[in-house]
Amino acid sequence: MHTLTHFRLCPFSRAARLALAEFAIEPTLVEERTWEWRPEFLALNPAGELPVLQIDDAAPICGIYAIAEYLGDTPPLDDADSAASIDPEDAGNDQDPDDTTPINCKLFPGTPAERAEIRRLVDWFNGKFNREITQELLYERVYTRMQHDRTATPDVDVLRAIATNLRYHMSYINHLADQRRWLGGEELSFADLAAAAQLSVVDYLGEVPWENYPSAKIWYARLKSRRSFRGLLADRLPGALPAAHYADLDF
């Protein structure tokens with residue numbers, strides 16, 4: 001039994017959910033608001049950070065890096081499991097098979113050099129992108145109202161800086177998507193899931209100017225169409241409803 005302690009708009013939690021879904025694992029989701037500093041959660045993860053994956057009675061796996069590496073070391077599904085995991089409604093359609101089946105391989109595929117590039121991009125999105133965009137946007141648009149004052153308004157100067165940073169990052173994603181089949185190379189990898197998890201939060205809040213980045217939009221649409229994304233597209237946070245196009249596959 002898999003249990004994932006998460007928060008719906010936490011990008012690291014979303015990356016873990018995507019990775020688990022790609023391996024056809026449906027965890028029990030337990031939502032945690034880390035700012036409440038509950039002793040029970042701190043006993044689970046003394047760092048007080050999300051996500052946390054628990055598997056049966058084993059020690060909890062804390063943090064997105066540890067979870068991704070754990071799943072990356074998980075043996076791939078065999079052919080029978082892979083076939084059984086395909087939804088009946090997906091069978092017989094004309095989509096790219098990559099868009100309808102689990103990864104059925106490691107999250108960090110390829111040669112040592114190729115895996116190093118995947119990890120570089122994972123660090124880029126979990127680190128730089130999160131610091132410069134997602135973390136600040138969530139604080140201004142979501143966390144402040146949930147933690148303190150429901151009437152608080154976002155800081156316009158901060159939002160302007162976030163928009164500037166986002167243009168830089170979207171240009172980079174657009175470049176990668178234009179030059180490669182997937183962001184990390186020829187195969188779908190955790191680099192794509194980490195990037196999509198971050199962008200899905202920004203897109204939930206309606207801040208991504210997709211029309212200016214066509215290659216990035218095509219790449220994201222491919223990921224958004226995968227079965228693993230369905231849980232994220234169904235997310236709704238009371239008091240912070242998503243942008244109108246958020247769950248639209250033909251955005």
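Computed values, structure above
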read-out: Residues located in the range 205-232, provided they are open to solvent by less than 20 Å² (accessible area, probe 1.4 Å) and assigned to a helix (DSSP H, G or I); value: TRP210, ALA216, TRP219, TYR220, LEU223, LYS224, SER228, PHE229, LEU232
read-out: Residue list for the range 12-22, restricted to those being over 11 Å from LEU53 (Cβ atoms) and open to solvent by 10 Å² or more (accessible area, probe 1.4 Å); value: PHE12, ALA21
read-out: Failed item in (1) at pLDDT 95 or above; (2) open to solvent by 20 Å² or more (accessible area, probe 1.4 Å); (3) within 20 Å of MET170 (Cβ to Cβ), with ARG236 passing the rest; value: (3)
read-out: Tally of residues being surrounded by 12 or more Cβ atoms within 10 Å (Cβ to Cβ), over 14 Å from LEU4 (Cβ atoms) and in contact with a strand residue (DSSP E or B) (Cβ under 7 Å, 6 or more places away or on another chain) across the range 23-66; value: 0
read-out: Tally, over the range 1-50, of residues that are part of a loop (DSSP other than H, G, I, E, B) and over 15 Å from the mean Cα position of the chain (by Cα); value: 14
read-out: Members of the range 1-11 that are buried (at least 20 other Cβ atoms within 10 Å of the Cβ) and among the hydroxyl-bearing types (Ser, Thr, Tyr); value: THR5
read-out: Helices (runs of 4 or more DSSP H) (entirely within the range 102-190) containing at least 3 residues that are of a type outside the set (D, E, K, R), open to solvent by 20 Å² or more (accessible area, probe 1.4 Å) and out of contact with any helix residue (DSSP H, G or I) (no Cβ under 6 Å at 6 or more places or on another chain); value: 112-123, 156-179
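The values are calculated or read from the model by the stated rules, or taken from the named source; none is laboratory data. This is a predicted model, so every value here is computed, not measured. Because the Cβ atoms are built from the backbone with ideal geometry, glycine has one as well, and the counts that use them run over all protein chains shown. All accessible areas refer to the heavy atoms of the entire protein, side chains included, with ligands and DNA or RNA removed. Shrake-Rupley method; radii C 1.70, N 1.55, O 1.52, S 1.80 Å.
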